[in-house]
Structures are given as structure tokens and as C-alpha cells.
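As C-alpha cells, the structure follows; a few thoughts come after it.
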Amino acid sequence: MKKLTIIIPSYNEEKNVRPFYQETVKYLADPDYAYELLYVNDGSRDATLAEIKAVAAEDPRVKYISFSRNFGKEAAMHAGLEHAIDSDAVIVIDCDLQQPPSLIPEMVKYHKEGYKIVYTKGRTRKNEPKLRALFANLYYRFYNSYADRPLDNGAKDFQLLDRVVIDAFLKIKDKNRFMKGIFSWVGYSRKCLEYDFIPRVHGKSSWSFKSLFRYGFNGMNQFSNVMMVLPAIGFLFGVLMLAANAVLFAFDIFTLDGFLIAVEINIVFLFLTLFTYGILYLLYQIRRQVLDRPHYLIEEISEDIDVE
């Protein structure tokens, strides 16, 4: 019998822990799999951990990891993968019930057929907040134009990962993680399942516009060099414009317009600033890699959880 661990990153989800559990266990009936539910409490400031413990006391299949503070969803996913030591596969799914546990049997079916990754995406964004949907569409279009490996527009972290994918992921030593990009980069056979947007019932999303921007920016920097190449091209273009105008002025071909020169100088300094920022960001990432701090710190963990 194969073992499948459901990894559930949770941050301030006290009202969703039990409803999620009650909904999810309905779909854990495949006799060929032994199921485990692993909640990862990402430094919640409400009663999320207490709710998880209450559920764990009722069902021995429920385990938990609790961080010392909020390290972010990427770290929570990483912790779940690191502690799914003897699992043949894992499914990563959010605790907020905006990702349907009803897809789990279908994901398992495709895993049996040999797919190493079964990922999900939103069928449409029509029910999402319009501004967020607009920026998301623009981001994916921009990302896929320059990234090493493309991402499906609307791809979610809700996915099944085979053991071979988990082991490949754990070999990657990047300190700055963009999980969607990593799981696209590793390759392997994959199947996509689609579902309609599900509104949140309890609580509110911890993703602000600022955090989404930072998340997308990190992803773009990890899997493309566009953030440095485009400013460099813009800077060179501005310099060439100034040089061309200087030559034309020197040969008395036309008289330079002061406003035009000011615009060109501003263009040069704008792109020079962006290029410099790209260099500083790269140095910051190198420093972060060299410091080699852990992705997360655990404050509390289930006594019977698998550890190395």
C-alpha cells in the first residue's frame, strides 16, 4: 500500500481547520493508499494551532508542524515536503477551502496512471476580483515571455507530487523559493486539472497586493534575467540617443531642443537606476544564499511525525 500525505499550509485559519478536515476526509477512500494529513501552522496569531491539535486528537492520521513565527507559504510547503519522508506522494492544498478537495480522487487516479505531477489551475478568472485578475493575467503573459520554463496562467499550488519529484525538489538549495517555477523547472510527466474559482467562506486572505507583487517579482528574478537585461537595454538605448543627438549637433545638422535632451537624460538615469537596483537585488540574493539560514524554525511538532 502506498502512502500519500496531504500537506496543508495554514496561517490564521482557525475557522477553516475543522471544516477543511471534514470536507477532505470524504475523499480519502482509495484502498490502495494510506492517507496522512499534515497541517503546517505558519506562525498563526489566532487559534489555528489549537484547532489543529483538537482535530489531531480525534484522528491519528492528522499530524502537525508549528513554526516559531510566520515564514511564509513557500516555507510551509518546504517543511511539509521535508517531513513527508516515507510518503510515495504528497498533495499540497490550502486550508481555506478555495481549492476543492473533491479533486483528490482524480489526482490519485492520474498518479496511478504514472503521472509524476498532477497540478491544478483555475478554469477562468471571471469570478475573481477584477483588478487582481487583470494583474495576474498581465504577469503570466510577461513571465512566460521571458522565463526559462513557462507557467500555465492560473496555475495553483494545489498539486500532487510523486516521490521522485519530492526528492528532486529537496536537492535544490535555493534560499529564495518560487515553488510554481521550481515544479515547472524539474520537468517530469504532468497532468492538469481545472476547477472554477471558489470564494472564501471564513476569514480573509493573507495575500496583500504588496505580498503578491513581491512574490511575483521573486519568481521573475529566479527564472529569468529580464529584470537586469531590460534596464540595461534601456540604458544603452538612452545613451545611443544622446550620442546621436551630440553627433547631429556637432555637425550642425539641427539645433538641439532643451526639452528633448532633458527627456533623454531622464530616460538614461531611469534605466540606470533600474539596472543598479537589479545588481543590488542580485547581491542581496547572493548574501542570503551565503548566510545559509534555515527556511523555517519549528517550535512544536507532532510526537509521532516522521523525522530524519
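The values are calculated or read from the model by the stated rules, or taken from the named source; none is laboratory data. What you see is a predicted model; the values in this text were computed from it and never measured. We place every Cβ from the backbone using ideal geometry, glycine too, and count neighbours over all the protein chains shown.
Show the residue pairs that are 6+ apart or on different chains and have beta-carbon atoms under 6 Å apart, the first residue being within the stretch 60-87 and outside the structural domain of residue 43 (by the TED database), the second being assigned to a helix (DSSP H, G or I).
So the pair list comes out empty.
For residue 57, state whether it is assigned to a strand (DSSP E or B) and either farther than 21 Å from residue 169 by Cβ or polar (S, T, N, Q) (or both).
Considered against the rule, which asks whether it is assigned to a strand (DSSP E or B) and either farther than 21 Å from residue 169 by Cβ or polar (S, T, N, Q) (or both), residue 57 comes out as no.
In the stretch 48-61, what residues are surrounded by fewer than 23 Cβ atoms within 10 Å (Cβ to Cβ) and among the aliphatic types (A, V, I, L, M)?
49, 50, 54, 55, 56, 57
Can you pull out the residues in the stretch 150-193 that are more than 17 Å from residue 8 (Cα to Cα) and in a strand (DSSP E or B)?
Scanning the stretch 150-193 gives 155, 190, 191, 192, 193.
Restricting attention to the stretch 22-47, report how many residues are exposed (fewer than 14 other Cβ atoms within 10 Å of the Cβ) and either closer than 14 Å to residue 91 by Cβ or in contact (Cβ under 8 Å) with a residue 40 or more places away in the chain (or both).
3
State the number of residues belonging to the stretch 62-75 that are in contact with a strand residue (DSSP E or B) (Cβ under 6 Å, 6 or more places away or on another chain), modelled with pLDDT of 90 or more and either part of a strand (DSSP E or B) or surrounded by 20 or more Cβ atoms within 10 Å (Cβ to Cβ) (or both).
Summing the residues that are in contact with a strand residue (DSSP E or B) (Cβ under 6 Å, 6 or more places away or on another chain), modelled with pLDDT of 90 or more and either part of a strand (DSSP E or B) or surrounded by 20 or more Cβ atoms within 10 Å (Cβ to Cβ) (or both) in the stretch 62-75 gives 5.
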